[in-house]
Amino acid sequence: MGRPDPEEGQLPAPVKPPDGGWGWIVLLGCFVITGFSYAFPKAVSVYFKELMKDFHVGYSDTAWISSIMLAMLYGTGPVCSIMVNQFGCRPVMLIGGLLASAGMILASFTTNIIELYLTAGVLTGLGMALNFQPSLIMLGTYFDKRRPLANGLAAAGSPVFLSCLSPLGQVLLQKFGWRGGFLIMGGLLLNCCTCGAVMRPLDMGMKRKMGKAQDKYEAKEMLPIGGKSEEGISTTDGTKKGKKAKKKPKKGKKLLDFSIFKNRGFIIYTISKFILVLGLFVPPILLVNYAKDTGVPDTEAAFLLSIIGFIDIFARPACGMVAGLKWVRPHVAYLFSFSMLFNGLTDICSARASNYTGLVIFCVFFGISYGMVGALQFEVLMAIVGSQKFSSAIGLVLLIEAFAVLIGPPSAGRLVDALKNYEVIFYLAGSEVVLSALFLGVASYCCLNRGKKEPPPENNPSAGGGSDTEEAESDVQEAEEHSSNNHQPARSTDNAVVAANDEANHVAEEQSGEGGGCPAGDGEVLARDGCNADQMVERDSF
């Protein structure tokens with residue numbers, strides 16, 4: 001039966017997420033994309049000393065390269081959402097992979113720091129943003145029941161790639177210099193195009209194509225043999241074409257769906273994530289310098305980040321498995337709130353750590369809690385808004401987080417310079433994370449209780465983080481109602497002809513009732529509006 005192409009102007013029949021099959025290949029691609037997106041801005045820091053020597057700039061000047069990458073990753077969220085809604089995930093990811101690779105390749109030929117900002121910062125950051133967001137959208141498309149586990153496994157790409165890219169960058173720097181290292185890193189980023197190529201969209205038009213073939217088969221079986229059969233089939237097809245023509249103006253897909261702001265759960269999630277990001281990234285950024293100030297040697301201080309990364313690798317998939325349990329998944333927002341509370345209390349309790357053993361214990365617990373947060377953040381968002389609105393939701397959330405990223409760590413650095421005291425910074429960062437956890441938990445509980453008192457609306461299955469399959473079924477019902485409403489004007493001309501022959505038709509119907517079928521005489525009018533009219537309506541709504 002060939003691969004069908006959905007007809008324009010019609011809502012394709014949704015397909016249930018397979019929760020496996022090709023979805024595991026999509027998961028692997030998402031794992032790689034997540035690793036590059038989060039680990040690459042940090043891994044580039046191994047080249048900073050050489051850049052400072054060649055361009056005669058300070059450390060803060062080179063640090064802007066990583067900052068611009070992260071700002072592009074977060075700040076271009078709405079742009080990515082618009083492109084995905086307009087062109088689809090696969091084309092956007094292919095373009096993003098080319099941009100990311102081109103940025104690093106061009107950066108290897110730069111002659112000043114400004115050119116590095118534009119190439120390695122803006123161009124590569126934009127390319128990674130165009131890969132990161134669509135990969136998460138495709139992951140939510142292919143997984144429903146196993147989605148928490150899939151999100152946890154994909155999130156594990158960040159610590160895994162950070163553990164690999166940093167040593168690799170050091171080796172490339174020693175053998176080829178920073179220019180050769182940038183060139184090779186640009187080649188590695190071409191793997192994003194490979195990951196984009198495997199993001200095959202689910203076949204949403206197969207059911208509708210099968211329904212059309214079934215229509216023609218039933219028309220041949222039910223209508224009288226001869227010219228009327230072919231005429232009835234053509235009438236059915238003509239009616240569908242008229243319905244298609246009338247539906248085309250209705251098919252206006254939103255490039256960015258702002259209606260998600262009507263969802264109280266989304267508002268609560270967005271506010272809590274903004275507060276969270278203000279303090280979440282501060283401890284790992286300041287940890288190495290904090291350890292050095294307490295008298296820890298440089299090599300042992302750098303090893304602390306490796307401990308966090310190693311624990312993080314196992315914490316994310318494990319938390320994804322726990323979140324996928326039947327009795328846990330309906331309350332995944334509270335698990336996310338607990339993980340944030342755990343992370344914030346870890347920061348507060350370790351603020352007075354004054355020796356290497358205390359810092360190692362802090363890194364172990366921070367790695368567990370940080371991995372839990374990383375594994376659950378997008379799963380909670382998918383549960384709140386559903387997969388159909390996730391492309392718009394994640395873009396808007398990342399844009400809001402971009403402001404927090406630009407406020408949190410720089411403000412913490414200025415406070416360190418002013419106070420010369422890391423203990424206050426850890427207290428402040430931990431307090432912000434705890435506040436976000438309490439806000440999410442309390443606000444979600446209050447809204448949940450209020451929602452229980454109110455009778456749930458009939459056609460809003462996704463408001464409480466329901467299954468994507470239920471969401472799809474409601475869309476099909478809406479499409480069928482819209483189809484039946486638009487089908488009536490398509491037959492208005494025939495009804496006018498039938499109105500003039502009502503009496504003859506009634507007599508003919510009585511005769512056909514005695515004979516068990518439609519009469520052979522009086523032909524076209526009865527074939528269209530007699531006993532077979534109801535059959536045609538049923539086939540059209542099928």
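The values are calculated or read from the model by the stated rules, or taken from the named source; none is laboratory data. Quick caveat: nothing in here was measured; it's all calculated off a predicted structure. Note that we place each Cβ from the backbone using ideal geometry, even for glycine, and neighbour counts take in every protein chain shown. The protein model used for the area step is the full one, side chains on, heavy atoms only, and it has no ligands, DNA or RNA in it. Shrake-Rupley method; radii C 1.70, N 1.55, O 1.52, S 1.80 Å.
Could you work out the relative contact order of segment 86-142, using alpha carbon pairs under 8 angstrom and six or more residues apart, expressed as a whole percent?
49 percent
Largest first, what is the accessible-area ranking of W64, W24, W178 with a 1.4 Å probe?
My answer, sorted largest first, is W64, W24, W178.
Rounded to the nearest 20 debye, what is the charge dipole size of segment 17-222 about its Cα centre when +1 sits on each Lys and Arg Cβ and -1 on each Asp and Glu Cβ?
440 debye
Whenever you get a sec, line up Y356, Y74 from highest to lowest accessible area (probe 1.4 Å, protein heavy atoms). Write down the numbers at each step before the final one.
Working: Y356 65, Y74 10 Å².
Largest to smallest exposure gives the sequence Y356, Y74.
Note down the net charge around N263, summing +1 for each Lys or Arg and -1 for each Asp or Glu among other residues with Cβ under 11 Å from its Cβ.
Charge balance near N263 sits at +2.
Would you mind checking the pairs K42/K420; K273/K389; K53/K420 and listing those with alpha carbons more than 20 angstrom apart?
On the way: K42/K420 25 Å; K273/K389 18 Å; K53/K420 28 Å.
Cα-Cα > 20 Å for K42/K420; K53/K420; rest within.
Using a 7 Å offset from Cα along Cα-Cβ at F109, what residues in segment 147-190 end up with backbone N under 19 Å from the label point?
177-190
Give the Rg/Rh ratio for segment 266-354, taking Rg as the radius of gyration of the Cα atoms and Rh as the Kirkwood radius, to two decimals.
That ratio is 1.05, to two decimals.
Calculate the spin-label point distance for A197 paired with Y334, positioning each point 7 Å from the Cα along the beta-carbon direction, and give it in nanometres.
A separation of 4.7 nm, rounded to one decimal place.
Using each residue's phi in segment 157-172, evaluate 6.51 cos²θ - 1.76 cosθ + 1.60 at θ = phi - 60° and report the 3J(HN,Hα) Karplus result to the nearest Hz, with x for Gly and Pro.
Ordered by residue, 3J(HN,Hα) equals x, 5, x, 5, 5, 5, 5, 9, 6, 5, x, 5, x, 5, 5, 5 Hz.
Along its three principal axes, how long is segment 256-450 when you only count alpha carbons? Whole Å, largest extent first please.
If we take the Cα atoms of segment 256-450, the spans are 52, 35, 28 Å.
Take the alpha-carbon centre of segment 319-363, take the same for segment 108-153, and report the distance between them in whole Å.
Taking the Cα centre of segment 108-153 as reference, the centre of segment 319-363 is 26 Å away.
Leaving ligands, DNA and RNA out of it, report the carbon-plus-sulfur percent of the accessible area of segment 17-222 at a 1.4 Å probe.
Whole-percent figure for carbon plus sulfur exposure: 68.
Listed highest first by mean packing, meaning other Cβ atoms within 10 Å per residue, what order do 287-295, 303-311 come in?
Most protected by this proxy first, the peptides run 303-311, 287-295.
With a Cα-only, solvent-free Debye model of segment 338-440, what are the log10 I(q)/I(0) values at q = 0.17, 0.19, 0.22 Å⁻¹?
Calculated log10 I(q)/I(0) at the listed q: -0.90, -1.06, -1.25.
Counting only the heavy atoms of the protein chains, how much of C349 is accessible to a 1.4 Å probe, in Å² to the nearest 10?
110 Å²
Over segment 306-373, what relative contact order in percent results from Cα pairs under 8 Å that are six or more residues apart?
The normalised contact order for segment 306-373 reaches 57 percent.
For segment 278-283, what does the Karplus curve 6.51 cos²θ - 1.76 cosθ + 1.60, with θ = phi - 60°, yield as ³J(HN,Hα) per residue in whole Hz, taken in order and with x for Gly and Pro?
Result, ordered by residue: 4, x, 5, 8, 5, x Hz.
Could you derive backbone 3J(HN,Hα) for segment 434-443 from the dihedral phi with the Karplus parameters 6.51, -1.76 and 1.60 (θ = phi - 60°), listing whole Hz in sequence and x where the residue is Gly or Pro?
Whole-Hz 3J(HN,Hα) from phi for segment 434-443: 4, 4, 5, 5, 5, 5, 5, x, 5, 5.
So for segment 17-222, averaging the separation of alpha carbon pairs under 8 Å that are six or more residues apart and normalising by length, what relative contact order in percent results?
Relative contact order here is 37 percent.
Over all alpha-carbon pairs of segment 17-222, lay out the pair-distance distribution in 5 Å bins, whole %, shortest bin first.
All Cα pairs considered, the percentages come to 1, 8, 14, 18, 17, 12, 9, 6, 4, 3, 2, 2, 1, 1, 1, 0, 0.
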